[in-house]
Amino acid sequence: MARPGTRLPVVFLGHGNPMYAIQSNRYTEAWADLGETLARPTAIVAVSAHWFEAGTAVTSMAHPRTIHDFGGFPDALFQVEYPAPGSPALADRLRAMLDGSGLMDGPTGADLGWGLDHGTWSVLRHLYPSADVPVVQLSIDAGRPGADHRRLGSALTALRHQGVLVVASGNVVHNLAAAQFGDGVPAADWASRFEDEVALRLVAGDWEGLDDPASFGPDARRSVSTPEHYLPLLYALGAATPDEPVRIITRGIDAASISMLSVVVG
């Protein structure tokens, strides 16, 4: 268990294919190794690409449901449950921190209907397979520009000194229209170049430059065809500081057009 005052790192995980929740590969093994090496958190605040809506809200129920927000996969995946408890007390603290940040247009919502979507539970199932660490999810406001998301992430920083692990889950390259599933599918050139650029800026501490991926050039239009999978990275960076060490634990392009870049900061 994390000792009081210990600053936990921040984690961004490229979650990829939902089937990875029940499969073992080099990505899931790296997530499992990470769960074994981190100081055990008292709770987790998760930011997932799959809760992307108008406004900012926090799951505030004691027992969040497992959401199977996908289609076309084997029944075994729909049978998976991740019965981690919620934490209404942490949710209240998080809402107060966000409301006190000066960045909100109105009160942060206390959500009682969402739960844990697959962006969250598909990776936590490997980090903490016993599902015994309380989890609170923070939504992504679809109406905000990139820099706002990183600033909102900064409101999470204090939680890191309170035993709370910030886990952001998305994919810095995510273009399902260009995806090609199967063994041995090569990475699209534009996807590899964009992932390389993101990794370079992460390690160099050029985090402000990551706020606007479109500024990277034409590769960005295909790599970030919609913003929701990219934005969780900005929450993770907001909760960290550029002087903290950056460790890339996985990278590579899956299915031609999905980045599996995963990063630990701190």
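Go through (1) modelled with pLDDT under 95; (2) surrounded by 12 or more Cβ atoms within 10 Å (Cβ to Cβ); (3) outside any helix (DSSP H, G or I) and name the single condition G184 misses.
(2)
The rows are residues; the columns are (1) surrounded by fewer than 21 Cβ atoms within 10 Å (Cβ to Cβ); (2) in contact (Cβ under 8 Å) with a residue 60 or more places away in the chain; (3) not aromatic (F, W, Y); (4) not in a helix (DSSP H, G or I).
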position: M1; (1), (2), (3), (4): yes, yes, yes, yes
position: T6; (1), (2), (3), (4): yes, yes, yes, yes
position: G16; (1), (2), (3), (4): no, yes, yes, yes
position: Q23; (1), (2), (3), (4): yes, no, yes, yes
position: V45; (1), (2), (3), (4): no, yes, yes, yes
position: S48; (1), (2), (3), (4): no, yes, yes, yes
position: F52; (1), (2), (3), (4): yes, yes, no, yes
position: M61; (1), (2), (3), (4): yes, no, yes, yes
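Checking L94 against (1) farther than 28 Å from T250 by Cβ; (2) assigned to a helix (DSSP H, G or I), only one condition comes out false. Which one?
Status for L94: all satisfied but (1).
Select, from I258, I248, the only residue that is surrounded by fewer than 17 Cβ atoms within 10 Å (Cβ to Cβ) and within 15 Å of the chain's Cα centre (by Cα).
Of I258, I248, the one residue that is surrounded by fewer than 17 Cβ atoms within 10 Å (Cβ to Cβ) and within 15 Å of the chain's Cα centre (by Cα) is I248.
I'd like to know if the stretch 113-127 contains one or more residues that are assigned to a loop (DSSP other than H, G, I, E, B) and closer than 26 Å to G209 by Cα.
Going through the stretch 113-127, the residues assigned to a loop (DSSP other than H, G, I, E, B) turn out to be 113-115, 117.
Now drop any that are not closer than 26 Å to G209 by Cα, which leaves none.
No: zero hits.
Restricting attention to the stretch 209-220, and to residues there that are within 18 Å of the chain's Cα centre (by Cα) and either part of a helix (DSSP H, G or I) or of a type in the set (S, T, N, Q) (or both), which single residue is surrounded by the most Cβ atoms within 10 Å (Cβ to Cβ)?
Taking the candidates together, the pick is P213.
Give me the residue from the stretch 114-129 that is of a type in the set (G, A, S) and surrounded by 24 or more Cβ atoms within 10 Å (Cβ to Cβ) and, out of that set, nearest to G170 (Cα to Cα).
Once the filter is applied, the top-ranked residue is G119.
If a residue must be farther than 25 Å from A155 by Cβ and surrounded by fewer than 24 Cβ atoms within 10 Å (Cβ to Cβ), how many such residues does the stretch 221-245 contain?
3
Can you tell me which residues in the stretch 135-160 are surrounded by 20 or more Cβ atoms within 10 Å (Cβ to Cβ) and assigned to a loop (DSSP other than H, G, I, E, B)?
Within the stretch 135-160, A155, L156 meet the criteria.
The values are calculated or read from the model by the stated rules, or taken from the named source; none is laboratory data. Model, not experiment: these values are computed from the prediction. In this analysis, Cβ positions are derived from the backbone assuming ideal geometry, glycine residues included, and neighbour counts consider all displayed protein chains.
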